[in-house]
Structure formats: C-alpha cells, structure tokens
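**Q** Quick one: this structure, given as structure tokens, is what I'll be asking you about.
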Amino acid sequence: MKKLLIASLLLLSSFTFFSQNIKINYEVEWQKVYNDELKDLPKSALVKVEKIFTTAKLNNNSSLLVKSLIYKSKFILTLEEDAQLKIVEQFHKEIKESTYPTSNILESVLADIYWQYYKNNRYKFYRRTKTKNGLDAVDFRTWDSQTMFETIGAHFENSLKQPAKLKVEDLSNFNEILILKDSKVYRPTLFDFLAHRATLFFKNGEPNIGNANYQFELSNTQLFGTNTQFLGYNIKKTDSVSHQNRALELIQELTRFHSKDSNPTALIDITLERLRFVKANAVFEDKETLYEDALLALQEEYSSHESSTEIAYHLAKFYNDLASQYNPNKGEKHRFKHAKAVAVCKAAIDTYPKSKGAKKCSNLLNQIELGSFGITTENFIPTNTHSRFLISYKNTSKLYFSAYKLSKEQIDESVYTSDSLRIAFLNSINPTKKWESVLRDEKDYRKHSTEVIVPPLEHGYYVILSSEFEDITNHEMRYAFNELQVTDFTLINSESNNNH
C-alpha cells in the first residue's frame, strides 16, 4: 500500500513558496520531513507534514496540498491500524472540500489507489460475486470486483471534469509534485496528464472479463487510418460498460485536442498509442500489415520533425517482434526482420541523433547487434588428428583459438579460480597451438551453428581458450573455456540388468 500511494503521482520534489497570507519556507519545512523520514521517525515527520498541509490548504496551494496529503498517507500507514480505510476517507473528505484543479488531481490519485489495491488483491475479488444488498459503502476491502471497477472508473471520470479549463492549465504549474524534465512536450496540459492516466485504466480489458455477453473487438480498418480518418470514426456507445470503448473515446478526444498543434510531438505520441491499442484489439487478419502501413505513413508525414524518430522506434520494435516468429521449418518469412529493424534504427539515428527516439533506437540496436558465441567440444579427441568443434554464434564474424597443454593438476586447479586469474595465468605461458576461424555472416542477426576444424594436437590435457580478439588481454572481449584430453585410449563403460 505504501508503494501504490507514492506511485499514484510521479516523483515528488520540493520548492520555496511565499503566500500572500502566510509566509512559510516550504523547502526548509520539507527538508525537516525528509530528515525525520531518513531517521525512521514517522510520528515526528507526520506532525511536520500536518503543518505544511494546513498552511497549503489555507493558501489554496493545490500542488503542495496534494503532496502533503500523499506524505500524510504514507506515514499514517506506518503508525495506525486500518490505515487504508482512513487514508481513503481522508481523500474523499478533501475532494469534497476542494475545488478545481485540486479536486481533479485528488480524484485521479484516489482512483489509482483503488486500482492498485485491486491489482494487489485480485485473488480476494475473484472469490466474490456482486451483491445488491448489504454492501459496505465505506470498507472497499469487502467490495466485489464490479463495484470496484465502477468506482475506479467514476473517479477517473471525475478527474476530467471541466475539460475546457484542464486543457489550458499548463502542467508546469505543478512542477512541485511532478518531475517533468522534458516530458512536458508529451503532456503539456493538466488535461493531458489526467486523461492519459484515465486511458491507461480504461484500456485494460480486465473489467470486462466477468461480462460473458461482451467482448471488445475492433473490426473497422478506419481505426488504422490517418488522424483525420480516425476523428471521423463514430465510436459505438451501445455498451455503456465497455471501459475499452471509453479509452478509445479519450484517445479520440486527445487526438482532436492536439490536431492543430504547431509542435506535433504530443499528437504523434497519442497517435502511436492509438495504433498500438487498435492492433492489440483488432480482429481482421491483416492487422499487422495495416499497422506497419500506418506507421510508415505517419513517419513519412512527420519526416521533417525529430519526433519522427519515435515512430521509427516503434516501427523497428514491430519488426524486431516479428523476427521472433521466424520458424526455419516453415520458410523464410520473418527471417530478416531483425535486419529491417536495424536499418530503420540507423536511419533514425543518422537523421536526428540527439532526439529521444534516436536514443530508444540506439538501445534497441545494441540489443539486436549484441554478439555471442558458444563452443561445444568432445571430452576426448584422438592424437595428431584433425577434429571438430561445434560453434553456435550470433553477430560474431571471427573467432581466435589458443590451445594450452597443461597438467591434469593445473587444469583442475584453474577451474576453481576466477576468469580474470585464469586468463592472466594463460597469458603468462605460451600456447601450444593457435588458429582462427572466419564465421559466415548470414546478415540476419540470428543465432547460427557451424563446425570448425581443430588442428592436430599431441596427447595430453588441454585448455582451449576461444575469443573474439587475438589479444586475450582485451577487457571488452567475449571468451569461452573448454577442457579436453587428447588420447588414443578409450574406456567403454556399460551397465545393464545389474551387470557391469
């Protein structure tokens, strides 16, 4: 419960505020609270928070009222029994006594408290059926799931009241309780922030699981269309209990709100959310092709803006996900989707290297291009005869091999040392034999297997070091150790029916 209260809003920060009526250095007061918290003195911290809360309320400081209420809840959880009920009751009380925009924010926080409580206690709700009589209106811990969902939905709806005001309320006015950094371009107004929080809940299909007569499905390809086409789509309202229909309505409202923005970042963000939501719930067979076409069209439309790299990232991620569906036993379909993802990422990085989307593409690119290899050897190979190692590799073009002839005791001792000490020891002696193998690049960024020839070795015990670099002191190299014995003697051991 502690975590869900803090997670209800983004990370909190502090600032100094001087009211027209009551002057107080909030930064100093909050530091006292933080110090008590670090010293594990919740009772003392609660007293200080109460002071801040009272002053913020008198000054009608919306941001600090919300922040202090969350901190009060946090400390009450530590100090009092039935704290969950008390916290929820306190939020209800403050909502009744508050006005816009404080009440809107508190409604959203309260909805999230209920939602987090449900998610943490699903198993309890699964055992309950909806009761018409005898429902405890206060103790939400005894509710059935439908009542809980209806309550959560109602509070999220309340948070969006007076949308005209919310749409002109700059989110920067709430820097005290939200760490925005540069995310303001995605959520520029309080309406954006609250609507996205509500949409996140309504998109979840869980509230409709218990409704056997309803299944949310999207069958109109217009939902994959341009924003203009999407805004012309008439969302059916035949099922009032469909939370996902409500999510689609909110996405449409956010799209309409940002359709005339000079900076398309927020519009691109909500458009990408719409396309992913439609793809997850669409029932037409070619939805993957339609999704790809929609992303390509969106990327082309905004190619002159750096936010196009966000689209590129989602396109590359789509290709990367398709690559996991590749089955070599069923043809070449999706085999080279990793390569398509790489091409998309590199183009985005080259075009707008400092953009957020480019950073996401860079992370995905590193994941796809990450190299690896593994060596499988026989425990025993014949003397002075060519043999083979089985190599499994990904994004590795060449391997270097060094064979070190050691005593059985040296090999046994080295197994129990760290890799760094083992390499240092091998580097201090001369290898018996060195060779290298060039691996075939299939240009598909997938794992492959092949066999490499091992040159003849004299009888004895060996450690084989395989690495990506000839210089084994390179700290960035990947490497592998294998132990084997070169011998012409073979012992066959067989047991059956208690006979040895």
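The values are calculated or read from the model by the stated rules, or taken from the named source; none is laboratory data. Computed from a predicted structure; not experimentally measured. Cβ: placed from backbone, ideal geometry, glycine included. Neighbour counts: every protein chain shown. Note: areas computed on protein heavy atoms with side chains; ligands, DNA, RNA excluded. Shrake-Rupley method; radii C 1.70, N 1.55, O 1.52, S 1.80 Å.
**Q** Counting residues that are within 18 Å of the chain's Cα centre (by Cα), which helices (runs of 4 or more DSSP H) fully inside the range 261-327 reach at least 2?
**A** Ranges flagged: 265-281, 308-323.
**Q** Find all pairs meeting these conditions: Cβ atoms under 9 angstrom apart; at least six residues apart or on different chains; first residue within the range 420-436 and within 15 Å of TYR400 (Cβ to Cβ); second residue open to solvent by 80 Å² or more (accessible area, probe 1.4 Å) and among the charged types (D, E, K, R).
**A** PRO431/LYS405; THR432/LYS405; THR432/GLU458; LYS433/LYS405; LYS434/GLU470; GLU436/GLU470
**Q** Hey, another quick one. Suppose the filter is of a type in the set (D, E, K, R), touching a Phe, Trp or Tyr at 6+ places or on another chain (Cβ under 9 Å) and closer than 28 Å to LEU178 by Cβ; does ASP144 pass it? Even if it seems obvious, please write down each step before you answer.
**A** Details: of a type in the set (D, E, K, R): yes; touching a Phe, Trp or Tyr at 6+ places or on another chain (Cβ under 9 Å): yes; closer than 28 Å to LEU178 by Cβ: no.
So ASP144 fails the test.
**Q** Let me ask something else about it. Which residue is farthest from THR221 (Cα to Cα), if the candidates are limited to the range 235-291 and must be open to solvent by 10 Å² or more (accessible area, probe 1.4 Å) and of a type in the set (Lys, Arg)?
**A** LYS260
Quick grid of which residues meet (1) open to solvent by less than 30 Å² (accessible area, probe 1.4 Å); (2) among the hydroxyl-bearing types (Ser, Thr, Tyr); (3) part of a helix (DSSP H, G or I):
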site	(1), (2), (3)
ARG335	no, no, no
ALA343	no, no, yes
PRO353	no, no, no
ILE368	yes, no, yes
GLY374	yes, no, no
GLU378	no, no, no
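**Q** Taking THR417 and the conditions (1) assigned to a loop (DSSP other than H, G, I, E, B); (2) surrounded by 15 or more Cβ atoms within 10 Å (Cβ to Cβ), which numbered condition does it fall short on, given that it satisfies the others?
**A** Failed condition: (2).
**Q** Is there any pair with a first residue in the range 363-387 that is over 19 Å from SER466 (Cβ atoms) and a second that is part of a loop (DSSP other than H, G, I, E, B) and open to solvent by 100 Å² or more (accessible area, probe 1.4 Å) whose Cβ atoms are under 8 Å apart and which are 6 or more apart or on different chains, and what are they?
**A** PRO382/ASP488; THR383/GLU458; THR383/HIS459; THR383/ASP488; ASN384/GLU458
**Q** Another question, then. Report, by residue number, each residue of the range 324-354 that is modelled with pLDDT of 95 or more and small (Gly, Ala, Ser).
**A** ALA339, ALA341, ALA343, ALA347, ALA348 - these are the residues of the range 324-354 that are modelled with pLDDT of 95 or more and small (Gly, Ala, Ser).
**Q** Just name the residue that is farthest from SER145 (Cα to Cα) out of those in the range 67-98 that are among the acidic types (Asp, Glu) and loosely packed, with under 14 Cβ neighbours inside 10 Å. If you could, list the steps in order and put the result at the bottom.
**A** Applying the first criterion (among the acidic types (Asp, Glu)) to the range 67-98 yields 80-82, 89, 94, 97.
Okay, now just the ones that are also loosely packed, with under 14 Cβ neighbours inside 10 Å, so 80-82, 89, 97.
Working: GLU80: 26, GLU81: 24, ASP82: 21, GLU89: 20, GLU97: 28 Å.
Checking each candidate, the answer is GLU97.
**Q** Something else now. Considering the range 19-44 alone, what residues qualify as being over 14 Å from ILE76 (Cα atoms), among the hydroxyl-bearing types (Ser, Thr, Tyr) and at pLDDT 85 or above?
**A** Scanning the range 19-44 gives a single hit, TYR34.
**Q** Let me ask something additional. So in the range 355-366, with the set limited to residues that are polar (S, T, N, Q) and either surrounded by 19 or more Cβ atoms within 10 Å (Cβ to Cβ) or closer than 16 Å to GLU310 by Cα (or both), which one is nearest to the chain's Cα centre (by Cα)?
**A** Checking each candidate, the answer is ASN363.
**Q** Grab the helices (runs of 4 or more DSSP H) fully contained in the range 99-191, keeping just those with 3 or more residues being loosely packed, with under 14 Cβ neighbours inside 10 Å.
**A** In the range 99-191, the matching helices (runs of 4 or more DSSP H) lie at 122-126.
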